[in-house]
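Some notes on the structure that comes next.
Please treat every number below as a calculation from the coordinates, not as lab data. Everything quoted here is computed from the prediction, not taken from an experiment. Every residue, glycine among them, receives a Cβ derived from its backbone with ideal geometry; neighbour counts consider all protein chains shown.
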Amino acid sequence: MDANLREVPRICDKIARKEREGKTFFSFEYFPPKTEAGVENLYARIDRMASLEPLFCDITWGAGGSTANLTMDIATNIQKYQGLDCMMHLTCTNMAVGVTKEALKEAKEKGIHNILALRGDPPVGRVARFMRSLDVCNN
């Protein structure tokens, strides 16, 4: 794990604790912008929104890994620089098993332990490589 990253608690444990305490909580979901200016704007917004103290943030993953590198970078930076707990989406539609495994390995190396594994919807006329998100977990 990157020496600059802190140990991040499991999101499911944080949610369970809030539910046991009967406390309301919320999270923010972000998607990777398409431009460098959009990325800068996103980080500025996350900085401002962090003051609202969300339980966690999550960052989406483009179908077929179309935003994989940016998603990984944003998730890492949210934890490292904004100090927020982050859950990274991993949408596995049309991704080879090896690519999925590499993404999981990289996430682990970068200290991203909260991952929402999604099968996602395959393009019309194509069969999903993973039929259920559990298939991703089992690989």
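Things to note:
- Estimated inter-spin distance, Ser66 and Asp121, nm [label 7 Å along Cα→Cβ]: 1.3 nm
- Chymotrypsin sites (Phe, Trp or Tyr not before Pro) within the range 26-120, DSSP loop, no more than 14 other Cβ atoms inside 10 Å: Phe26, Tyr81
- Taking a ≥ b ≥ c as the square roots of the eigenvalues of the alpha carbon gyration tensor, the range 7-105 is oblate, as a/c is not under 1.5 and a/b does not beat b/c.
- For Glu29, residues with placed amide H under 5 Å, excluding near neighbours: Asp58
- Percent of C-alpha pairs per 10 Å bin in the range 61-106, short distances first: 28, 52, 18, 2.
- For the range 14-91, trypsin sites (Lys or Arg not before Pro) meeting the loop criterion (DSSP other than H, G, I, E, B) and having at most 12 other Cβ atoms within 10 Å: Lys23, Lys34.
- Overall form of the range 14-68 per C-alpha gyration tensor (a/c, 1.5; a/b vs b/c): oblate
- Here's the picture: a label point sits 7 Å out from the Cα of Glu29 along the beta-carbon direction, and within the range 71-109 the residues with their amide nitrogen under 11 Å of it are 89.
- Here the calculated FRET efficiency for Glu19 and Asn41, from their Cβ-Cβ distance with R0 = 35 Å, stands at 0.55, rounded to the nearest 0.05.
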